[in-house]
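Colleague: Starting off with a structure, shown below.
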Amino acid sequence: MATDYQGELEKLNNTYRQIAAVSDADGLKKQIAELTEQSAAPDLWNDPSAAQALTSKLSHAKTELAKLTQVKNRLDDLATLVEMAEEESFSDPKTGAELYAEADTELKQLAGELSELEVKTLLAGEYDERFAVVTIRSGQGGVEAADWAQMLQRMYLRWAERHGYPTKVLDTSYAEEAGIKSTTFEVSAPYAYGTLSVEAGTHRLVRISPFDNQGRRQTSFAGVEVIPLIETTDHIDIPENELKIDVFRSSGPGGQSVNTTDSAVRMTHIPTGIVVSMQDEKSQIQNRAAALRVLQSRLLQLRREEENAKKKELAGDVKASWGDQMRSYVLHPYQMVKDLRTNYEVGNAAAVFDGEIDGFIDAGIRWRAAGGNEA
């Protein structure tokens, strides 16, 4: 059946207009001008964290505006290409067919890119535009689960790398035999929290165990937690008497000493029992500041969860969804990665482990926007 090019073009242009209205190109231009002016301040890098946040927001705004401009230009070029194909099909059918084939390719590519841009417009939650703090913990499965947790860490770090998002591993607790007990890292990009928050939950791996000399199939679990990074405007004050702070010597794989001083910090929030460890920075003061920031982020998330739980209780729905198994990664007897909420699945597990998870994330964001997760 012949492609209705005019009909398809109108659909794409309608989608673009909706995206442009939500994205607010004029607002982006104004934001870029303001951030550019702020980035020129001579004392900008006196506060490296604030400077990095500002430059990241500026880069993100420029990228979003460039995408909108580029897509609009390509839509206009595609309309011209279709007109040329229609004209050539009468005078030179061969050239006309080649132009139509080129139009088909561009039509599919633009449809895919507009779909990606459309997903971004669904990130309108209170904290969606924040940077993200991701924590991965091994679950049931012993050494298998510890290895699985490390595989997940690599998957998310590779995903961030593919998108050019800066990351920083804040803390890692290594398992004795292989893998990790837990890890916490930042993804420093605008909307990282809104994007990655759909990845929170329990991830299940089924494979032939590389640690079992009998080659048996094993199932292991790991939990992923995603919280928004705290900002100075959030006002999460923690009295000193609510904190217990321990210092210890940083260590790496195999228990080998990384530092020769007690620079690592373990911070416990006594009222809630939340514990944060930090050993990435070189000094105890830096680790203490980083631990406090992550603790504040977790308390902010806790406050939000309590507010949502109260709303659900008032509505008569007290079911909790955190921790429910949300995705299965099967490597034996066949290969398939399937999200159990959206039913999105792929057969190339190796690509997924190498960070190709945008399809899962986009499907998750659409699922949430459609009411799949009221939390």
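Where a number appears in this text, it was derived from the coordinates with a stated rule and is not lab data. Just so it is clear, the structure is predicted and the values come from calculations on it, not from any experiment. Cβ sites come from the backbone with ideal geometry, for glycine too, and all protein chains shown count toward neighbours.
Colleague: For region 92-153, what does the alpha-carbon gyration tensor say about shape, rounded, prolate or oblate, given a ≥ b ≥ c as the root eigenvalues, a/c under 1.5 as rounded, and a/b over b/c as prolate?
Modeller: Working: a/c = 6.65, a/b = 2.14, b/c = 3.10.
Verdict is oblate for region 92-153.
Colleague: Please sort 285-291, 263-269, 101-107 by packing, taking for each peptide the average over its residues of neighbouring beta carbons within 10 angstrom, highest first. Walk me through the intermediate numbers first.
Modeller: Details: 285-291: 18.6, 263-269: 20.4, 101-107: 15.3.
Answer by packing, highest mean first, reads 263-269, 285-291, 101-107.
Colleague: Please give the calculated 222 nm ellipticity per residue for the chain, where each DSSP H segment of at least 4 residues contributes -39500 (n - 2.57) and the sum is spread over every residue; nearest 500 deg cm²/dmol? Walk me through the numbers before you get to the answer.
Modeller: Details: 9 runs with 179 residues, N = 375.
Taking each H run of at least 4 residues, the total per residue is -16500 deg cm²/dmol.
Colleague: Return the FRET efficiency for the residue pair VAL275, THR80: r is the Cβ-Cβ distance, R0 is 51 Å, and the value is rounded to the nearest 0.05.
Modeller: Values: r = 61 Å, r/R0 = 1.19.
Efficiency, rounded to the nearest 0.05: 0.25.
Colleague: Right, another one. Which one of THR135, LEU58, LEU110 has its Cα pushed farthest toward the positive end of the charge dipole of the chain, where Lys and Arg give +1 and Asp and Glu give -1 at the Cβ?
Modeller: THR135
Colleague: Which whole-Hz ³J(HN,Hα) couplings does region 37-49 yield from phi under the Karplus relation 6.51 cos²θ - 1.76 cosθ + 1.60, θ = phi - 60°, glycine and proline marked x?
Modeller: Result, ordered by residue: 5, 5, 5, 8, 4, x, 9, 3, 8, 5, 10, x, 5 Hz.
Colleague: Please check: in the Gaussian network model of the chain (C-alpha springs, under 10 Å), which one of ASN13, ASN73, ASN343 has the largest mean-square fluctuation.
Modeller: Greatest mean-square fluctuation among the candidates belongs to ASN73.
Colleague: Could you pull out which residues in region 74-109 have an amide N less than 19 Å from a spot 7 Å beyond the Cα of ALA25, following the Cα-Cβ vector?
Modeller: Hits in region 74-109 for ALA25 at 19 Å: 74-81.
Colleague: With both bridge residues required to lie in the chain, what share of the DSSP beta bridges run antiparallel, to the nearest 5%?
Modeller: Values: 46 of 51 bridges.
Antiparallel bridges: around 90 percent, rounded to the nearest 5.
Colleague: Among ALA363, ALA85, ALA146, determine the one that fluctuates most according to a GNM of the chain built with springs between C-alpha atoms less than 10 Å apart.
Modeller: The residue with the greatest mean-square fluctuation here is ALA85.
Colleague: Could you work out the Rg to Rh ratio of region 57-199, with Rh taken as the Kirkwood radius (inverse of the mean 1/r over all Cα pairs)? Please list the in-between numbers first.
Modeller: On the way: Rg = 22.4 Å, Rh = 18.5 Å.
Ratio of gyration radius to Kirkwood radius for region 57-199: 1.21.
Colleague: Applying the Karplus parametrisation 6.51 cos²θ - 1.76 cosθ + 1.60 with θ = phi - 60° to the phi angles of region 208-224, what ³J(HN,Hα) value in whole Hz is obtained for each residue in order, glycine and proline being reported as x?
Modeller: 6, 5, x, 9, 10, 5, 8, x, 7, 7, 10, 10, 9, 10, 8, x, 10
Colleague: Of the cross-linked pairs LYS62/LYS338; LYS11/LYS120; LYS62/LYS282, which ones have a Cα-Cα span greater than 28 Å in the structure shown?
Modeller: Values: LYS62/LYS338 34 Å; LYS11/LYS120 19 Å; LYS62/LYS282 34 Å.
Flagged as over cut-off: LYS62/LYS338; LYS62/LYS282.
Colleague: Next question, about the same structure. Would you mind working out the magnitude of the charge dipole of region 136-256 relative to its Cα centre, with +1 at each Lys and Arg C-beta and -1 at each Asp and Glu C-beta, to the nearest 20 Debye? Walk me through the numbers before you get to the answer.
Modeller: Values: 12 positive and 16 negative charges, 148 e Å.
Here the size comes out at about 700 debye.
Colleague: Still on this model: Between LEU122 and GLU240, what is 0.36 nm times their sequence separation minus the Cα-Cα distance? Round to one decimal in nm. It would help to have the intermediate numbers written out before the result.
Modeller: Working: separation 118, 0.36 × 118 = 42.48 nm, distance 3.91 nm.
Extending this stretch completely gives an extra 38.6 nm.
Colleague: Region 5-120: D in µm²/s via Stokes-Einstein (Kirkwood Rh, Cα pairs, 37 °C, 0.692 mPa s)?
Modeller: Working: Rh = 16.5 Å.
The Stokes-Einstein estimate is 199 µm²/s.
Colleague: Top mean-square fluctuation among LYS62, LYS282, LYS108, Gaussian network model of the chain, C-alpha springs under 10 Å?
Modeller: Judging by the Gaussian network model, the answer is LYS108.
Colleague: Further, regarding this structure: Name the residues whose placed amide hydrogens come within less than 5 Å of the amide hydrogen of LEU170, ignoring near sequence neighbours (fewer than 5 apart) on the same chain.
Modeller: Under 5 Å from the amide H of LEU170 lie the amide H atoms of THR184, PHE185, GLU186, each far enough along the sequence or on another chain.
Colleague: I would also like to ask the following. Could you name the aspartates and glutamates in cross-link range of LYS94, using Cα to Cα under 17 Å and dropping any fewer than eight places away on the same chain?
Modeller: LYS94 reaches GLU83, GLU86, GLU102, ASP104.
Colleague: What is the percent of Cα-Cα separations in the chain that go past 31 Å?
Modeller: Working: 33307 of 70125 pairs.
Pairs farther apart than 31 Å: 47 percent.
Colleague: Roughly how many nanometres apart are two label points built 7 Å out from the Cα toward the Cβ at VAL346 and PHE211?
Modeller: Each label point is offset 7 Å from its Cα along the Cβ direction, giving 2.7 nm.
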